[in-house]
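The structure appears right after this line, and notes come after that.
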Amino acid sequence: MAEDKKMSGKLFEKLEDTWIKHSILICVGLGMLSGILHYFGLLTNARTVASNVVSFASIVIGVTGVFLTLIITLQESPAFSRLREFFPSFQKSLYTSLKSQISYGLIVVILSIVITALPPAPFKILASIGVTIWFYFFWYMSLGSFYSVKLITDIIVKNFDIPKRNSRR
């Protein structure tokens, strides 16, 4: 049982490292896969899911906004001061992640509105290119939100092995 937890922990660390290093390539690949599936008729309901995507993106933007507000409020707390001592780049990484989630969420909402407002594309290749672009931003927002939540939960639950001070007697 303990070995399974270690293995899953290592797997999640590897996934996190892969996301940090290759997030753009991952989302380009998933966006292109979505566009190809659309072109070959295997992804047919892109227009009809636009309203659901707007709802999902709105939830991501709202939760991310709450996280950002919370982090700004707590940045001068003793816990954050201590966190900055051990991980100086953590706060910048967290702010960057949350900011990009809000930005990509807004782009997804705007693209979804444009998709539903425009008439269907006259050529399948144009529609597939649009689906590719739309899904790139969707995947970046969606997968990036998992990473942002992971960073937030690391603040809460991670044991940073803070050395104990010697007490005076």
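Could you check, for the range 47-63, whether at least one of its residues is surrounded by fewer than 15 Cβ atoms within 10 Å (Cβ to Cβ), among the basic types (Lys, Arg) and assigned to a helix (DSSP H, G or I)?
no
Against the conditions (1) open to solvent by 40 Å² or more (accessible area, probe 1.4 Å); (2) within 30 Å of LEU118 (Cβ to Cβ); (3) outside any loop (DSSP other than H, G, I, E, B), where does THR73 fall short? Just the number, please.
(2)
Give the number of residues within the range 104-144 that are open to solvent by less than 40 Å² (accessible area, probe 1.4 Å) and more than 19 Å from SER58 (Cα to Cα).
Residues meeting the conditions: 5.
Of the numbered conditions (1) part of a helix (DSSP H, G or I); (2) touching a residue at least 60 places away in the same chain (Cβ under 8 Å), PRO120 satisfies every one except a single condition; which is it?
It is condition (1) that PRO120 fails.
Scan the range 27-46 for residues that are outside any helix (DSSP H, G or I) and either open to solvent by less than 50 Å² (accessible area, probe 1.4 Å) or not polar (S, T, N, Q) (or both) and jot them down.
Correct list: PHE40, GLY41, LEU42, LEU43, ALA46.
For the range 36-85, which residues satisfy the criterion of being among the small types (Gly, Ala, Ser) and under 17 Å from the mean Cα position of the chain (by Cα)?
SER55, ALA57, SER58, GLY62, GLY65
Kindly check whether there is at least one residue in the range 19-26 that is part of a helix (DSSP H, G or I), touching a helix residue (DSSP H, G or I) at 6+ places or on another chain (Cβ under 9 Å) and over 30 Å from ALA127 (Cβ atoms).
yes
Looking at the range 76-103, which of its residues are open to solvent by 50 Å² or more (accessible area, probe 1.4 Å), touching a residue at least 24 places away in the same chain (Cβ under 8 Å) and not hydrophobic (A, V, I, L, M, F, W, C)?
ARG82, TYR95, LYS99, listed by residue number.
The values are calculated or read from the model by the stated rules, or taken from the named source; none is laboratory data. Because the structure is predicted, anything quoted here is derived from the model rather than measured. As a convention, Cβ positions derive from the backbone with ideal geometry for all residues, glycine included, and neighbour counts pool all protein chains shown. For the accessible areas, the whole protein counts, side chains as well, though only heavy atoms, and no ligand, DNA or RNA atoms are used. Shrake-Rupley method; radii C 1.70, N 1.55, O 1.52, S 1.80 Å.
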